[in-house]
Ligand code: TYD
């Protein structure tokens, strides 16, 4: 659980042009990015996630707006509020995650260590607890 932290990236600021943040393979992440996806137009009160991954690493970024990510390792859980586009939550494999409290217009961008593979998902909480015990 304690490996999962908020990583802060450089912000290239320009008074004239605004901000730019870069995430680059081989620099700040413990994995190479093979896939990016984003969640948007999330209705108020909706929750997403509710699964774990067996092998996948992810970086979760609030590209716009804010939301909470609750990580659970089967023993303890921690809530992270993401609300800065230059920060990302590093999520190691084997963590149950719930995404909640999406602000209106928020965009959740996820960088992942592998392509989509449904067999990497654990979508049942009891299966997750069994996986953690093994
Ligand atoms: P889902 O895992 O249910 O989203 P969340 O966990 O955020 O609530 O994914 C929604 C749908 O999108 C599901 O049919 C699988 C599909 N999907 C892909 O095809 N590729 C992907 O990379 C991802 C993340 C999801």
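Readers should treat all values here as calculations from the given coordinates under stated rules, not as data from a laboratory. All of these numbers come straight from a predicted model, not from anything done at the bench. Cβ coordinates were reconstructed from backbone atoms using ideal geometry, including for glycine residues, and neighbour counts include every protein chain displayed.
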Looking at the stretch 2-43 only, could you name the residues that are outside any loop (DSSP other than H, G, I, E, B) and free of Cβ contacts under 8 Å to residues at least 60 places away in the same chain?
12, 13, 14, 18, 20
Take residues that are away from the ligand (no atom under 13 Å from the Cβ) and tell me which of the strands (runs of 3 or more DSSP E) falling wholly in the stretch 48-96 contain 1 or more.
58-64, 67-72, 77-82, 87-91
Determine whether the stretch 87-99 contains at least one residue that is free of Cβ contacts under 8 Å to residues at least 60 places away in the same chain, over 22 Å from residue 21 (Cβ atoms) and surrounded by fewer than 17 Cβ atoms within 10 Å (Cβ to Cβ).
yes
Residue 133 fails exactly one of the following numbered conditions: (1) within 13 Å of the ligand (Cβ to nearest atom); (2) loosely packed, with under 14 Cβ neighbours inside 10 Å. What is the number of that condition?
(1)
Subset of the stretch 97-130 (residues that are within 11 Å of the ligand (Cβ to nearest atom), more than 24 Å from residue 43 (Cβ to Cβ) and part of a loop (DSSP other than H, G, I, E, B)):
114, 115, 117
Test: residue 55 is within 27 Å of residue 127 (Cα to Cα) and surrounded by fewer than 14 Cβ atoms within 10 Å (Cβ to Cβ)
yes
